[in-house]
Amino acid sequence: MYICRRYLTIHMKKWLLAAVATLFIVTLHAQTAYNEIHENVLLSASNYMAYPGPVQRDLTPAPRGYKPFYISHYGRHGSRFHTKPSIYNNPYIVLAKADSLGKLTPTGRDVMHRLDVIRKDAENHWGDLTLLGARQHEDIARRMYERFPEVFKDSADIDARSTGVGRCVLSMEYALMQLVRLNPLLNIHHDASHRDMYYLNLQDKELFNLRKLKEATQPYIAFRAHNNDFSHLVQTLFNDSSYVRKNIRSYEFGEQLMLVAAILQNVELGNTMTLFDVFTQDEIYNTWKNSNAWWYIGWGASPATGGKMPYLQRNLLRKIIEQADSCIQLPKTNVHLRYGHETVVLPLICLLDINGFGLVTDDLNQLVDKGWINYRAFPMGANLQFIFYRKSPKDRDPLFKLLLNENEAKLPLPAKQAPYYRWSDFRKYYLKKLDAYED
(Lines give C-alpha, C1' and ligand atoms only; values in the text may rest on other atoms or scores of the structure.)
Protein backbone atom coordinates (compact mmCIF):
# COMPACT_ATOMS: atom_id res chain seq x y z
CA MET A 1 0.00 0.00 0.00
CA TYR A 2 1.18 3.51 -0.76
CA ILE A 3 0.76 6.92 0.77
CA CYS A 4 1.55 10.31 -0.73
CA ARG A 5 3.78 13.02 0.71
CA ARG A 6 0.80 15.37 0.70
CA TYR A 7 -0.96 13.14 3.25
CA LEU A 8 2.12 13.10 5.47
CA THR A 9 2.60 16.85 5.08
CA ILE A 10 -0.97 17.50 6.20
CA HIS A 11 -0.39 15.48 9.34
CA MET A 12 2.94 17.22 9.95
CA LYS A 13 1.23 20.61 9.73
CA LYS A 14 -1.45 19.48 12.16
CA TRP A 15 1.19 18.43 14.66
CA LEU A 16 3.16 21.63 14.25
CA LEU A 17 0.10 23.75 14.93
CA ALA A 18 -0.80 21.66 17.96
CA ALA A 19 2.75 21.89 19.26
CA VAL A 20 2.74 25.70 19.47
CA ALA A 21 0.76 25.63 22.69
CA THR A 22 3.27 23.28 24.36
CA LEU A 23 6.51 24.55 22.87
CA PHE A 24 8.07 25.71 26.14
CA ILE A 25 6.63 23.09 28.48
CA VAL A 26 9.34 20.77 29.77
CA THR A 27 7.29 18.23 31.73
CA LEU A 28 4.67 16.56 29.60
CA HIS A 29 2.55 13.46 30.11
CA ALA A 30 3.27 10.22 28.30
CA GLN A 31 -0.14 10.42 26.69
CA THR A 32 1.03 13.56 24.88
CA ALA A 33 3.84 11.71 23.11
CA TYR A 34 1.49 8.83 22.31
CA ASN A 35 -1.04 11.21 20.78
CA GLU A 36 1.61 13.18 18.90
CA ILE A 37 2.94 10.02 17.29
CA HIS A 38 -0.61 8.90 16.56
CA GLU A 39 -1.28 12.21 14.80
CA ASN A 40 2.06 12.21 13.00
CA VAL A 41 3.67 8.80 12.66
CA LEU A 42 6.85 10.39 11.28
CA LEU A 43 7.79 11.43 14.82
CA SER A 44 8.34 7.78 15.73
CA ALA A 45 11.48 7.80 13.57
CA SER A 46 13.50 9.40 16.41
CA ASN A 47 16.84 10.50 14.90
CA TYR A 48 15.58 9.55 11.42
CA MET A 49 12.80 12.11 11.57
CA ALA A 50 13.05 14.63 8.72
CA TYR A 51 13.59 18.21 9.89
CA PRO A 52 10.14 19.79 10.43
CA GLY A 53 11.23 23.42 10.39
CA PRO A 54 10.56 25.85 13.24
CA VAL A 55 7.27 25.79 15.11
CA GLN A 56 7.82 29.34 16.35
CA ARG A 57 7.37 31.82 13.55
CA ASP A 58 7.65 35.04 15.57
CA LEU A 59 10.65 35.31 17.89
CA THR A 60 10.56 37.35 21.10
CA PRO A 61 11.88 40.88 20.44
CA ALA A 62 15.16 41.77 22.10
CA PRO A 63 15.22 44.19 25.03
CA ARG A 64 15.17 47.80 23.94
CA GLY A 65 18.38 48.98 22.30
CA TYR A 66 19.89 45.51 21.77
CA LYS A 67 20.83 44.34 18.27
CA PRO A 68 22.16 40.94 17.12
CA PHE A 69 25.87 40.91 16.24
CA TYR A 70 27.14 37.34 16.53
CA ILE A 71 25.79 33.82 15.90
CA SER A 72 27.36 30.61 17.18
CA HIS A 73 25.88 27.45 15.66
CA TYR A 74 26.16 23.69 15.64
CA GLY A 75 24.07 21.70 13.19
CA ARG A 76 23.52 18.10 12.30
CA HIS A 77 23.70 17.06 8.65
CA GLY A 78 20.42 16.98 6.76
CA SER A 79 18.31 14.02 5.71
CA ARG A 80 20.26 10.98 4.54
CA PHE A 81 20.03 7.35 3.53
CA HIS A 82 20.81 4.63 6.06
CA THR A 83 24.53 4.12 6.49
CA LYS A 84 24.63 0.32 5.95
CA PRO A 85 23.11 -1.93 3.26
CA SER A 86 22.29 -4.50 5.96
CA ILE A 87 19.67 -2.18 7.45
CA TYR A 88 17.72 -2.37 4.19
CA ASN A 89 18.53 -6.00 3.39
CA ASN A 90 17.86 -7.73 6.72
CA PRO A 91 14.04 -7.57 6.75
CA TYR A 92 13.91 -8.22 3.00
CA ILE A 93 15.94 -11.41 3.39
CA VAL A 94 13.61 -12.67 6.14
CA LEU A 95 10.57 -12.13 3.94
CA ALA A 96 12.20 -13.49 0.79
CA LYS A 97 13.13 -16.74 2.56
CA ALA A 98 9.62 -17.13 3.94
CA ASP A 99 8.18 -16.41 0.51
CA SER A 100 10.27 -19.17 -1.06
CA LEU A 101 8.60 -21.58 1.36
CA GLY A 102 5.10 -20.20 0.77
CA LYS A 103 4.88 -18.68 4.25
CA LEU A 104 3.82 -15.12 3.38
CA THR A 105 0.36 -13.62 3.27
CA PRO A 106 -0.55 -11.38 0.30
CA THR A 107 0.32 -8.39 2.51
CA GLY A 108 3.64 -10.03 3.34
CA ARG A 109 4.49 -10.39 -0.33
CA ASP A 110 3.45 -6.79 -0.94
CA VAL A 111 5.79 -5.58 1.84
CA MET A 112 8.59 -7.75 0.46
CA HIS A 113 8.22 -6.09 -2.96
CA ARG A 114 8.20 -2.64 -1.37
CA LEU A 115 11.40 -3.48 0.50
CA ASP A 116 13.02 -4.59 -2.73
CA VAL A 117 12.20 -1.24 -4.35
CA ILE A 118 13.48 0.66 -1.31
CA ARG A 119 16.79 -1.21 -1.03
CA LYS A 120 17.49 -0.82 -4.74
CA ASP A 121 16.76 2.91 -4.49
CA ALA A 122 19.33 3.14 -1.69
CA GLU A 123 22.00 1.09 -3.47
CA ASN A 124 25.45 2.72 -3.11
CA HIS A 125 23.95 5.72 -1.31
CA TRP A 126 24.92 4.50 2.15
CA GLY A 127 24.86 7.53 4.46
CA ASP A 128 24.57 10.01 1.57
CA LEU A 129 22.81 13.34 1.93
CA THR A 130 19.49 13.36 0.08
CA LEU A 131 17.87 16.13 -1.94
CA LEU A 132 15.63 16.84 1.03
CA GLY A 133 18.71 17.13 3.26
CA ALA A 134 20.18 19.74 0.92
CA ARG A 135 16.96 21.76 0.95
CA GLN A 136 16.81 21.62 4.74
CA HIS A 137 20.15 23.36 5.12
CA GLU A 138 19.37 25.90 2.44
CA ASP A 139 16.18 26.75 4.31
CA ILE A 140 17.85 26.88 7.74
CA ALA A 141 20.51 29.26 6.39
CA ARG A 142 17.90 31.41 4.66
CA ARG A 143 15.79 31.73 7.81
CA MET A 144 18.89 32.56 9.86
CA TYR A 145 19.71 35.32 7.39
CA GLU A 146 16.15 36.66 7.32
CA ARG A 147 15.70 36.57 11.10
CA PHE A 148 19.03 38.24 11.92
CA PRO A 149 19.96 40.38 8.90
CA GLU A 150 22.15 42.69 11.02
CA VAL A 151 24.65 39.85 11.55
CA PHE A 152 24.98 39.16 7.82
CA LYS A 153 25.30 42.72 6.59
CA ASP A 154 28.08 43.96 4.28
CA SER A 155 31.20 41.78 4.41
CA ALA A 156 30.45 39.98 7.67
CA ASP A 157 32.88 37.19 8.56
CA ILE A 158 31.52 33.65 8.30
CA ASP A 159 33.68 30.81 9.61
CA ALA A 160 32.26 27.35 8.83
CA ARG A 161 33.71 23.99 9.92
CA SER A 162 32.54 20.45 9.29
CA THR A 163 33.55 16.93 10.13
CA GLY A 164 35.03 15.09 7.17
CA VAL A 165 31.93 12.98 6.53
CA GLY A 166 30.47 13.75 3.12
CA ARG A 167 26.91 14.41 4.24
CA CYS A 168 28.17 16.93 6.81
CA VAL A 169 30.47 18.69 4.34
CA LEU A 170 27.67 18.95 1.78
CA SER A 171 25.23 20.24 4.42
CA MET A 172 27.73 23.01 5.20
CA GLU A 173 28.22 23.82 1.51
CA TYR A 174 24.51 24.02 0.75
CA ALA A 175 24.07 26.42 3.68
CA LEU A 176 26.99 28.58 2.56
CA MET A 177 25.82 28.70 -1.06
CA GLN A 178 22.46 29.94 0.18
CA LEU A 179 24.11 32.67 2.24
CA VAL A 180 26.24 33.77 -0.73
CA ARG A 181 23.13 34.00 -2.90
CA LEU A 182 21.59 36.27 -0.27
CA ASN A 183 24.73 38.41 0.17
CA PRO A 184 27.65 37.94 -2.28
CA LEU A 185 29.82 40.28 -0.17
CA LEU A 186 30.10 37.87 2.78
CA ASN A 187 33.65 36.98 3.78
CA ILE A 188 33.46 33.19 4.07
CA HIS A 189 36.08 30.70 5.29
CA HIS A 190 35.15 27.02 5.33
CA ASP A 191 37.04 23.83 6.11
CA ALA A 192 36.59 20.13 6.90
CA SER A 193 39.74 19.04 8.69
CA HIS A 194 40.78 16.33 11.15
CA ARG A 195 42.29 19.16 13.16
CA ASP A 196 38.81 20.23 14.26
CA MET A 197 37.52 16.76 15.13
CA TYR A 198 38.51 17.04 18.80
CA TYR A 199 35.58 19.38 19.32
CA LEU A 200 33.33 18.77 16.30
CA ASN A 201 32.97 15.05 17.05
CA LEU A 202 35.04 13.95 20.05
CA GLN A 203 35.61 10.19 20.29
CA ASP A 204 36.08 9.37 23.97
CA LYS A 205 36.63 5.61 24.29
CA GLU A 206 36.56 5.75 28.07
CA LEU A 207 33.04 7.18 28.05
CA PHE A 208 31.93 4.95 25.18
CA ASN A 209 32.94 1.90 27.22
CA LEU A 210 30.51 2.87 29.98
CA ARG A 211 27.66 1.87 27.67
CA LYS A 212 28.97 -1.70 27.56
CA LEU A 213 28.84 -2.22 31.32
CA LYS A 214 26.02 -4.34 32.70
CA GLU A 215 24.83 -1.33 34.74
CA ALA A 216 23.95 0.28 31.41
CA THR A 217 22.85 -2.71 29.33
CA GLN A 218 20.66 -4.54 31.84
CA PRO A 219 18.17 -1.70 32.52
CA TYR A 220 17.64 -1.25 28.79
CA ILE A 221 17.24 -4.98 28.13
CA ALA A 222 14.65 -5.20 30.90
CA PHE A 223 12.80 -2.12 29.62
CA ARG A 224 12.82 -3.36 26.04
CA ALA A 225 11.43 -6.76 27.09
CA HIS A 226 8.18 -5.05 28.11
CA ASN A 227 7.82 -3.18 24.79
CA ASN A 228 8.61 -5.69 22.04
CA ASP A 229 5.30 -7.32 21.12
CA PHE A 230 5.04 -7.57 17.32
CA SER A 231 2.43 -10.32 17.29
CA HIS A 232 0.08 -8.32 15.06
CA LEU A 233 2.85 -7.56 12.58
CA VAL A 234 3.92 -11.16 12.09
CA GLN A 235 0.31 -12.32 11.85
CA THR A 236 -0.20 -9.74 9.11
CA LEU A 237 2.85 -10.76 7.08
CA PHE A 238 3.21 -14.51 7.69
CA ASN A 239 0.61 -17.26 7.22
CA ASP A 240 2.16 -19.93 9.44
CA SER A 241 2.51 -19.25 13.18
CA SER A 242 4.60 -22.40 13.68
CA TYR A 243 7.08 -21.20 11.07
CA VAL A 244 7.29 -17.80 12.79
CA ARG A 245 7.80 -19.37 16.19
CA LYS A 246 10.65 -21.61 14.98
CA ASN A 247 12.42 -19.32 12.51
CA ILE A 248 11.80 -15.64 13.25
CA ARG A 249 12.70 -13.50 16.25
CA SER A 250 9.67 -11.28 15.94
CA TYR A 251 10.97 -8.32 17.94
CA GLU A 252 14.23 -8.17 15.95
CA PHE A 253 12.39 -8.41 12.65
CA GLY A 254 9.88 -5.77 13.75
CA GLU A 255 12.59 -3.34 14.77
CA GLN A 256 14.49 -3.92 11.52
CA LEU A 257 11.39 -3.26 9.43
CA MET A 258 10.67 -0.14 11.49
CA LEU A 259 14.14 1.25 10.68
CA VAL A 260 13.36 1.05 6.98
CA ALA A 261 9.95 2.60 7.54
CA ALA A 262 11.57 5.45 9.48
CA ILE A 263 14.12 6.45 6.83
CA LEU A 264 11.64 6.71 3.96
CA GLN A 265 10.55 10.24 4.91
CA ASN A 266 14.07 11.44 4.06
CA VAL A 267 14.19 10.25 0.44
CA GLU A 268 12.23 11.03 -2.70
CA LEU A 269 10.70 7.55 -2.67
CA GLY A 270 8.92 8.55 0.52
CA ASN A 271 6.67 10.78 -1.60
CA THR A 272 4.78 7.69 -2.77
CA MET A 273 5.56 4.83 -0.40
CA THR A 274 5.25 3.91 3.27
CA LEU A 275 5.77 0.88 5.53
CA PHE A 276 4.11 2.26 8.64
CA ASP A 277 0.72 0.95 7.49
CA VAL A 278 1.53 -2.65 8.49
CA PHE A 279 2.18 -1.77 12.15
CA THR A 280 -0.34 -1.08 14.89
CA GLN A 281 -0.22 2.19 16.81
CA ASP A 282 1.11 0.35 19.87
CA GLU A 283 3.84 -1.40 17.88
CA ILE A 284 4.98 1.95 16.49
CA TYR A 285 4.84 3.75 19.84
CA ASN A 286 6.57 1.01 21.82
CA THR A 287 9.38 0.76 19.27
CA TRP A 288 9.88 4.51 19.54
CA LYS A 289 9.79 4.28 23.35
CA ASN A 290 12.57 1.67 23.26
CA SER A 291 14.62 3.92 20.99
CA ASN A 292 14.02 6.87 23.29
CA ALA A 293 15.35 4.89 26.27
CA TRP A 294 18.36 3.66 24.25
CA TRP A 295 19.35 7.21 23.33
CA TYR A 296 18.91 8.36 26.93
CA ILE A 297 21.25 5.71 28.32
CA GLY A 298 23.80 6.18 25.55
CA TRP A 299 23.89 9.99 25.35
CA GLY A 300 21.80 11.46 28.16
CA ALA A 301 22.58 12.06 31.83
CA SER A 302 21.52 8.55 32.80
CA PRO A 303 22.72 7.23 36.18
CA ALA A 304 23.29 3.92 34.35
CA THR A 305 26.36 5.55 32.77
CA GLY A 306 27.20 7.71 35.76
CA GLY A 307 25.56 10.78 34.19
CA LYS A 308 28.74 11.25 32.18
CA MET A 309 27.66 10.83 28.56
CA PRO A 310 26.77 14.51 27.95
CA TYR A 311 30.42 15.33 28.71
CA LEU A 312 31.33 13.80 25.37
CA GLN A 313 30.77 17.39 24.19
CA ARG A 314 32.87 19.16 26.79
CA ASN A 315 35.39 20.23 24.14
CA LEU A 316 32.67 21.61 21.89
CA LEU A 317 31.13 23.62 24.73
CA ARG A 318 34.53 25.07 25.65
CA LYS A 319 35.09 25.96 22.00
CA ILE A 320 31.73 27.71 21.83
CA ILE A 321 32.61 29.73 24.94
CA GLU A 322 36.15 30.58 23.78
CA GLN A 323 35.06 31.72 20.32
CA ALA A 324 32.19 33.76 21.72
CA ASP A 325 34.54 35.46 24.18
CA SER A 326 36.77 36.39 21.25
CA CYS A 327 34.01 37.65 18.96
CA ILE A 328 32.49 39.77 21.72
CA GLN A 329 35.66 41.88 21.59
CA LEU A 330 35.30 42.62 17.87
CA PRO A 331 33.41 45.55 16.38
CA LYS A 332 32.51 43.56 13.23
CA THR A 333 29.67 41.05 13.05
CA ASN A 334 30.62 37.36 12.95
CA VAL A 335 29.12 33.92 12.48
CA HIS A 336 30.53 30.53 13.49
CA LEU A 337 28.87 27.58 11.75
CA ARG A 338 29.74 24.00 12.72
CA TYR A 339 28.40 20.81 11.12
CA GLY A 340 28.39 17.28 12.45
CA HIS A 341 26.13 14.56 13.77
CA GLU A 342 23.18 13.77 16.04
CA THR A 343 25.59 12.00 18.40
CA VAL A 344 27.02 15.47 19.05
CA VAL A 345 23.81 17.49 19.08
CA LEU A 346 21.98 15.30 21.60
CA PRO A 347 24.67 15.13 24.32
CA LEU A 348 25.33 18.86 23.89
CA ILE A 349 21.63 19.53 24.48
CA CYS A 350 21.81 17.33 27.58
CA LEU A 351 25.03 18.95 28.81
CA LEU A 352 23.41 22.37 28.55
CA ASP A 353 20.17 20.99 30.06
CA ILE A 354 18.14 22.70 27.33
CA ASN A 355 14.39 22.42 27.93
CA GLY A 356 15.01 19.91 30.70
CA PHE A 357 17.04 17.43 28.61
CA GLY A 358 19.59 17.27 31.42
CA LEU A 359 17.12 15.02 33.22
CA VAL A 360 18.61 12.50 35.65
CA THR A 361 16.48 9.43 36.38
CA ASP A 362 17.09 5.73 36.84
CA ASP A 363 13.50 4.90 35.91
CA LEU A 364 13.22 4.56 32.13
CA ASN A 365 9.45 4.44 32.43
CA GLN A 366 9.55 8.07 33.64
CA LEU A 367 11.40 9.48 30.62
CA VAL A 368 8.37 10.38 28.56
CA ASP A 369 6.39 11.57 31.59
CA LYS A 370 9.20 14.00 32.39
CA GLY A 371 9.54 15.35 28.88
CA TRP A 372 12.67 13.52 27.68
CA ILE A 373 11.33 12.95 24.17
CA ASN A 374 14.05 12.51 21.59
CA TYR A 375 12.25 13.64 18.45
CA ARG A 376 12.04 17.12 19.96
CA ALA A 377 15.83 17.30 20.06
CA PHE A 378 17.63 15.79 17.09
CA PRO A 379 15.79 15.28 13.81
CA MET A 380 17.80 15.32 10.61
CA GLY A 381 19.16 18.87 10.31
CA ALA A 382 18.86 19.52 14.06
CA ASN A 383 20.66 22.68 15.14
CA LEU A 384 21.55 24.95 18.03
CA GLN A 385 21.92 28.68 17.47
CA PHE A 386 23.31 31.09 20.07
CA ILE A 387 22.19 34.59 19.01
CA PHE A 388 24.18 37.37 20.71
CA TYR A 389 22.88 40.92 21.24
CA ARG A 390 24.51 44.16 22.42
CA LYS A 391 23.81 47.87 22.51
CA SER A 392 27.22 48.89 21.20
CA PRO A 393 30.56 47.27 20.23
CA LYS A 394 31.89 48.40 23.61
CA ASP A 395 29.50 46.09 25.44
CA ARG A 396 31.53 43.23 27.00
CA ASP A 397 28.62 41.46 28.70
CA PRO A 398 26.08 40.94 25.95
CA LEU A 399 22.78 39.15 26.06
CA PHE A 400 22.02 36.04 24.05
CA LYS A 401 19.18 33.67 23.41
CA LEU A 402 19.37 30.04 22.39
CA LEU A 403 17.38 28.48 19.57
CA LEU A 404 16.87 24.72 19.44
CA ASN A 405 15.80 23.74 15.95
CA GLU A 406 15.05 27.43 15.38
CA ASN A 407 12.69 27.70 18.38
CA GLU A 408 13.49 29.71 21.51
CA ALA A 409 14.73 27.40 24.26
CA LYS A 410 15.17 27.44 28.03
CA LEU A 411 18.36 27.09 30.04
CA PRO A 412 18.75 26.46 33.80
CA LEU A 413 19.83 30.07 34.32
CA PRO A 414 18.13 33.23 35.53
CA ALA A 415 16.89 35.12 32.50
CA LYS A 416 17.54 38.82 32.06
CA GLN A 417 14.30 38.97 30.13
CA ALA A 418 13.07 35.58 28.89
CA PRO A 419 14.30 34.10 26.63
CA TYR A 420 17.36 36.37 26.87
CA TYR A 421 20.26 35.49 29.19
CA ARG A 422 23.44 37.30 30.20
CA TRP A 423 26.54 35.79 28.61
CA SER A 424 28.46 36.26 31.87
CA ASP A 425 25.91 34.06 33.70
CA PHE A 426 26.16 31.37 31.04
CA ARG A 427 29.94 31.47 30.99
CA LYS A 428 30.29 31.23 34.77
CA TYR A 429 27.74 28.44 35.17
CA TYR A 430 29.00 26.13 32.42
CA LEU A 431 32.73 26.65 32.93
CA LYS A 432 32.20 25.69 36.57
CA LYS A 433 30.31 22.61 35.42
CA LEU A 434 33.05 21.62 32.97
CA ASP A 435 35.82 22.26 35.48
CA ALA A 436 34.07 20.12 38.10
CA TYR A 437 33.84 17.20 35.68
CA GLU A 438 37.45 17.47 34.54
CA ASP A 439 38.74 17.80 38.11
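Worth a mention:
- Rounded to the nearest 10 square angstrom, residue 38 shows an accessible area of 110 square angstrom against a 1.4 Å probe.
- Fully extending the segment from residue 435 to residue 394 would add 11.9 nm, taking 0.36 nm per residue of separation and subtracting the current Cα-Cα distance.
- Normalised per residue, the volume of the convex hull around the Cα set of segment 233-280 (Å³): 76
- Distance between modelled label sites at residue 229 and residue 131, nm, 7 Å Cα→Cβ extension: 4.2
- Descending semi-axes in whole angstrom, ellipsoid equivalent of segment 93-179, from the Cα gyration tensor: 45, 14, 7
- Angle of helix 342-352 to the longest C-alpha principal axis of the chain, folded into 0 to 90 degrees and rounded to 10: 50°.
- Largest first, the residues 39, 252, 138 sort by 1.4 Å accessible area into 39, 252, 138.
- Of the residues 293, 140, 360, the one whose Cα sits farthest towards the positive end of the charge dipole of the chain is 140 (charges of +1 on Lys and Arg Cβ, -1 on Asp and Glu Cβ, taken about the Cα centre).
- Projecting the Cα atoms of 381, 426, 78 onto the charge dipole of the chain, computed from C-beta unit charges around the Cα centre, puts 426 farthest toward the positive end.
- For the peptides 153-165, 414-426, 279-291, the ranking by packing is 279-291, 153-165, 414-426, with the highest mean count of neighbouring Cβ atoms within 10 Å listed first.
- Site pair residue 322 and residue 361 shows an inter-label distance of 3.7 nm when each label is modelled 7 Å from Cα along Cα→Cβ.
- Element breakdown for the chain at a 1.4 angstrom probe: carbon and sulfur atoms account for 52% of the accessible area.
- Acute angle (nearest 10 degrees) that the helix 166-182 long axis makes with the longest principal axis of the chain, alpha-carbon atoms: 50
- Put 174, 430, 145 in order of accessible area, highest first, and with a 1.4 Å probe you get 174, 145, 430.
- Against the main long axis of the alpha-carbon atoms of the chain, helix 30-39 sits at an angle near 70°.
- Convex hull volume per residue for the chain, taking Cα atoms only, in Å³: 137
- Pairs of Cα atoms farther than 16 Å apart, segment 247-321, %: 65
- Listed residue pairs exceeding 31 Å between alpha carbons, taken from 214/246; 67/410; 120/214; 103/214; 214/428; 205/246: 120/214; 103/214; 214/428; 205/246
- Counting only protein heavy atoms and a 1.4 Å probe, segment 84-236 has 53 square angstrom of accessible area per residue.
The values are calculated or read from the model by the stated rules, or taken from the named source; none is laboratory data. Computed from a predicted structure; not experimentally measured. All Cβ positions, glycine included, derive from the backbone under ideal geometry; neighbour counts span all protein chains shown. Only protein heavy atoms, including side chains, enter the accessible area calculation; ligands, DNA and RNA are left aside. Shrake-Rupley method; radii C 1.70, N 1.55, O 1.52, S 1.80 Å.
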